[in-house]
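*Asks:* Supplied in structure tokens, the structure appears directly below.
The values are calculated or read from the model by the stated rules, or taken from the named source; none is laboratory data. Since the model is a prediction, treat every value here as computed from it, not as a measurement. Reconstructed Cβ throughout: ideal geometry from the backbone, glycine too, with neighbour counts over all protein chains shown.
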Amino acid sequence: MSADLEPAPYPLRLLTVHAHPDDESSKGAATVAKYRAEGIPATLVCCTGGEAGDILNPAMDRPEIRERLPEVRLEELAEATRIIGYETVELLGYRDSGMPDTPENEHPDNFWNAPLDEAVGKLVRIIRRDRPQVIVTYGDDQRHYAHPDHLKVHDITLPAFDRAADPAWYPEAGPPWQPLKLYYSEWSRQRILSLHAKYLELGLESPYADWIERIRSDDRPDRITTRVDIRDFYEVREKALRAHATQIDPEESFWFGLPTEVARDAHPWDDYVLARSLVPTEIPEDDLFAGVPGRG
């Protein structure tokens, strides 16, 4: 084990990489809040400003909002990350890439068109500065929602995990640092099945009906390795989502169709896939920091 893998003198820290403002609230927000309550701070890396997004909440679709939507989305991000408890928020500085075959996807300054080494270098600089032991990113299988920016988040995080420790890469980006664990944030099959069942139990129309059909036709094994109990922090996620008022309709059943206490108890975990670990750990896990030196 190299010197940078020894437990002292660096405190525990989490770093998450997301594509757009609001992704940090829909994926793993309660996990970040849980660790912050334990004294473990987190850095958010948001790769784009969400410029290609539309207004998805009819109540916010007003001229004064639409004309300054990019600024509003960053204001929403600031409020959401305050609610979640992120200590540091870093914007990687790229434009939202939009979906394939759109004008936004052709823009030279978007994330999808950014040179890979350039984007990886920006992420490496943040990793070396903040020295997280655990990094959370998006998975390698995104067939259900292949947004270019989500694909690129995955593509830059994997090499950054290794290059951050290699002094030959980006020597101007600071002293090397080796993260110890890399996770993919996932919406597990069990989560969708449990929420769907709860809607039906209460006699409500389930917004997950189409998801259920996809799940039933998918013969791949469930890869979830790690479930973090976020029962006590579920409401943080809801409050953070509502902070993204242009993107999240509070009347939308997908997000808020079940009472908070019912949704919380239906699946009281955030789910992850352990993609890389440089420390010993036992699967299944209930802690992203399992096996990390300094974790009591």
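*Asks:* Confirm whether PRO175 is assigned to a loop (DSSP other than H, G, I, E, B), within 17 Å of VAL17 (Cβ to Cβ) and modelled with pLDDT of 95 or more.
*Replies:* Numbers: assigned to a loop (DSSP other than H, G, I, E, B): yes; within 17 Å of VAL17 (Cβ to Cβ): no; modelled with pLDDT of 95 or more: yes.
Against the criterion (assigned to a loop (DSSP other than H, G, I, E, B), within 17 Å of VAL17 (Cβ to Cβ) and modelled with pLDDT of 95 or more), PRO175 does not qualify.
*Asks:* With the condition kept exactly as written, say whether any residue in region 78-86 is aromatic (Phe, Trp, Tyr), touching a strand residue (DSSP E or B) at 6+ places or on another chain (Cβ under 7 Å) and in a loop (DSSP other than H, G, I, E, B).
*Replies:* The answer is yes, given that some residue of region 78-86 is aromatic (Phe, Trp, Tyr), touching a strand residue (DSSP E or B) at 6+ places or on another chain (Cβ under 7 Å) and in a loop (DSSP other than H, G, I, E, B).
*Asks:* Please indicate, with yes or no, whether at least one residue in region 80-97 is within 14 Å of HIS244 (Cβ to Cβ) and surrounded by fewer than 16 Cβ atoms within 10 Å (Cβ to Cβ).
*Replies:* The answer is yes; a qualifying residue exists.
*Asks:* Next question, about the same structure. Keeping to region 181-201, report how many residues are over 20 Å from TYR145 (Cα atoms), within 18 Å of the chain's Cα centre (by Cα) and either among the aliphatic types (A, V, I, L, M) or part of a helix (DSSP H, G or I) (or both).
*Replies:* Of the residues in region 181-201, the ones over 20 Å from TYR145 (Cα atoms) are 181-182, 194, 197-201.
Add one more test, that the residue is within 18 Å of the chain's Cα centre (by Cα), and what stays is 181-182.
If we keep only those that are either among the aliphatic types (A, V, I, L, M) or part of a helix (DSSP H, G or I) (or both) too, we end up with 182.
The total comes to 1.
*Asks:* Moving on. So, in region 27-71, exactly how many residues are under 18 Å from the mean Cα position of the chain (by Cα) and outside any loop (DSSP other than H, G, I, E, B)?
*Replies:* Residues meeting the conditions: 15.
*Asks:* Report, by residue number, each residue of region 110-164 that is under 30 Å from ASP218 (Cβ atoms), of a type in the set (S, T, N, Q) and either crowded, with 21+ Cβ neighbours inside 10 Å or touching a residue at least 40 places away in the same chain (Cβ under 8 Å) (or both).
*Replies:* So the first thing to find is which residues in region 110-164 are under 30 Å from ASP218 (Cβ atoms), and the list is 111-112, 116, 134-161.
Imposing the further condition that a residue be of a type in the set (S, T, N, Q) reduces the set to 137, 142, 157.
Correct list: THR137, THR157.
*Asks:* Output yes when any residue across region 250-262 is more than 20 Å from ALA209 (Cα to Cα), in a helix (DSSP H, G or I) and not polar (S, T, N, Q), and no when none is.
*Replies:* yes
*Asks:* Quick one: ASP265 ticks every box in (1) buried (at least 17 other Cβ atoms within 10 Å of the Cβ); (2) part of a helix (DSSP H, G or I) except a single one, so which number is it?
*Replies:* That leaves (1) as the condition not met.
*Asks:* Does region 226-262 hold any residues that are without any contact (Cβ under 8 Å) to a residue 60 or more places away in the chain, more than 16 Å from the chain's Cα centre (by Cα) and buried (at least 19 other Cβ atoms within 10 Å of the Cβ), and which are they?
*Replies:* ARG242, GLY257
*Asks:* Please determine, by comparing only the residues of region 268-294 that are of a type in the set (Gly, Ala, Ser) and part of a strand (DSSP E or B), which one is surrounded by the fewest Cβ atoms within 10 Å (Cβ to Cβ).
*Replies:* Only one residue fits best here, namely SER277.
*Asks:* Could I ask something else about it? Among ARG13, ARG62, ARG36, which is basic (Lys, Arg), within 16 Å of LYS181 (Cα to Cα) and at pLDDT 95 or above?
*Replies:* ARG13
*Asks:* Give me the pairs, please: first residue somewhere in region 206-220 and more than 18 Å from PHE256 (Cα to Cα), second residue anywhere and in a helix (DSSP H, G or I), beta-carbon distance under 6 Å, and either six or more positions apart or on two chains.
*Replies:* So the pair list comes out as ILE212/HIS196; ILE215/ARG189.
*Asks:* Can you tell me which of THR88, THR102, THR81, THR43 is of a type in the set (Ser, Thr, Tyr) and under 21 Å from ASP162 (Cβ atoms)?
*Replies:* THR43
*Asks:* Same structure, new question: Please find, among PRO103, PRO171, PRO175, PRO167, the residue that is under 27 Å from GLY39 (Cα atoms) and surrounded by fewer than 21 Cβ atoms within 10 Å (Cβ to Cβ).
*Replies:* Just a single option satisfies the conditions, and that option is PRO175.
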